[in-house]
Amino acid sequence: MLETSKKIRKAIFPVGGLGTRFLPATKSIPKEMLPVLDKPLVQYAVDEALEAGIEEFIFVTGRGKSAIEDYFDHSIELEKTLKDNNKLQKLDLIKKTILKPGSVSFVRQQNPLGLGHAVWCARNFIANEPAAIILADDLIDSKPGCMKQMIENWNGGNMVATMEVEPEKTSSYGIISPGKVIQDKIEVKNIIEKPNTKDAPSNIAVVGRYIVEPSVFDHLGLQKKGTNGEVQLTDSLSYQIGKAPFFGYNFHGTRYDCGTKLGFAKANTSLAIKDSNIGNQFKNWITKLNKN
Ligand code: G1P
């Protein structure tokens, strides 16, 4: 049955991944805490959620991820030192990382059994409401943020952010089989996790932003293993086709795959160029670098 609640109040942040592509850095730092310029990836994700009106933040963590919990809490010593030294702007900056008391929850995914499993671990916090899912690895630079764009275009059912990828890259993404196109929305007729180019129904890929109806948790609860032996969120969305509306949303903005070194370097470069303090100097430096 399709639930009708319109407001998306809750967001799930799966942050339990091992981040092996960034070893040795991620040996003791969660990959979501790697900074793009001066903010950790997870802060970009939370800022996007806040802008979209999200009120409850559920982080699905794992072992070795306690730095994320600490990040969203007070740092008493640091706050005192900044205050004593009259560094009030900096004090303000770190106070902004603290979300409303009671609005942040952490749940552990004890074993890395896949994205679908991570999302399922948040089920009791979501209960019977539609929810947003934000993958911090996918940094989306856009105004308004991608999740706000999606919520504004959502009318119940499931929704994924989509973009076209090079046909030879389909095996890195969930890929949709497109139906009717209504402005920025594309009806999803089918969705497959990481198909080879020859089996892919299109080159329209899912990026890490979802709005899901709570019924998705029923299928996730079956814990069926899919691609790469993992419980895939894609498979639960696929199961819902025909039972609830399902749209891809072609977001406006630039997505950086910060789960890879190349995407991470691009995000840092691009945001450094735009930065109001260092942007010009950085651009000049890049220009000189290109000439050498
Ligand atoms: C996950 C999803 C995939 C989606 C991708 C977007 O894959 O399973 O469908 O396209 O995120 O970043 P992952 O990158 O975690 O392997």
Exercise. Consider residue 227 carefully, then state whether it is of a type in the set (Val, Ile, Thr), more than 15 Å from residue 159 (Cβ to Cβ) and under 22 Å from the mean Cα position of the chain (by Cα).
Key: yes
Quiz item: Which one of the conditions (1) of a type in the set (D, E, K, R); (2) out of contact with any Gly (no Cβ under 6 Å at 6 or more places or on another chain); (3) within 16 Å of the ligand (Cβ to nearest atom) does residue 48 fail to meet, given that it meets all the rest?
Solution: (2)
Quiz prompt | Residues (β-branched (Val, Ile, Thr) and either touching a Cys at 6+ places or on another chain (Cβ under 6 Å) or surrounded by 15 or more Cβ atoms within 10 Å (Cβ to Cβ) (or both)) located in segment 53-93 | solution = 54, 58, 60, 61, 68
Quiz item: Would you pick out the residues in segment 268-285 that are hydrophobic (A, V, I, L, M, F, W, C) and surrounded by 13 or more Cβ atoms within 10 Å (Cβ to Cβ)?
Solution: 271, 272, 273, 278, 282
Quiz item: Considering only helices (runs of 4 or more DSSP H) fully contained in segment 1-115, which possess at least 3 residues that are closer than 30 Å to residue 215 by Cβ and in contact (Cβ under 8 Å) with a residue 24 or more places away in the chain?
Solution: 41-51
Quiz item: For segment 177-201, what are the residues that are among the polar types (S, T, N, Q) and within 20 Å of residue 236 (Cβ to Cβ)?
Solution: 177, 190
Quiz item: Mind checking which pairs have a first residue in segment 221-235 that is farther than 17 Å from residue 170 by Cβ and polar (S, T, N, Q) and a second that is within 13 Å of the ligand (Cβ to nearest atom) and not in a strand (DSSP E or B), Cβ under 7 Å, 6 or more apart or different chains?
Solution: 223/117
Exercise. Could you check, for segment 270-278, whether at least one of its residues is without any contact (Cβ under 8 Å) to a residue 60 or more places away in the chain and either within 16 Å of the ligand (Cβ to nearest atom) or within 19 Å of the chain's Cα centre (by Cα) (or both)?
Key: no
Quiz prompt | Residue list for segment 121-160, restricted to those being surrounded by fewer than 18 Cβ atoms within 10 Å (Cβ to Cβ) and assigned to a loop (DSSP other than H, G, I, E, B) | solution = 127, 128, 129, 142, 143, 144, 153, 155, 156
Quiz item: Which residues, counting only those in segment 221-252, are surrounded by 15 or more Cβ atoms within 10 Å (Cβ to Cβ), within 13 Å of the ligand (Cβ to nearest atom) and of a type outside the set (D, E, K, R)?
Solution: 226, 227, 231, 232, 233, 234, 236, 237, 238, 248, 251
Quiz item: Does residue 169 satisfy the criteria of being in a helix (DSSP H, G or I) and more than 14 Å from the ligand (Cβ to nearest atom)?
Solution: no
Exercise. Quickly run through segment 206-243 and pick out the residues that are more than 21 Å from residue 54 (Cβ to Cβ) and hydrophobic (A, V, I, L, M, F, W, C).
Key: 222, 231, 241
Practice problem: Could you tell me which residue of segment 1-41 is surrounded by the fewest Cβ atoms within 10 Å (Cβ to Cβ), considering only residues that are of a type in the set (A, V, I, L, M, F, W, C), modelled with pLDDT under 95 and under 30 Å from residue 241 (Cβ atoms)? | Solution: 1
Quiz prompt | Residues being out of contact with any Gly (no Cβ under 7 Å at 6 or more places or on another chain), of a type in the set (S, T, N, Q) and under 30 Å from residue 235 (Cβ atoms) - total across segment 66-114 | solution = 3
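The values are calculated or read from the model by the stated rules, or taken from the named source; none is laboratory data. Just so we're clear, the structure is a prediction, and the values are computed from it rather than from any experiment. Please note: Cβ atoms are built from the backbone with ideal geometry, for glycine as well, and neighbour counts cover all protein chains shown.
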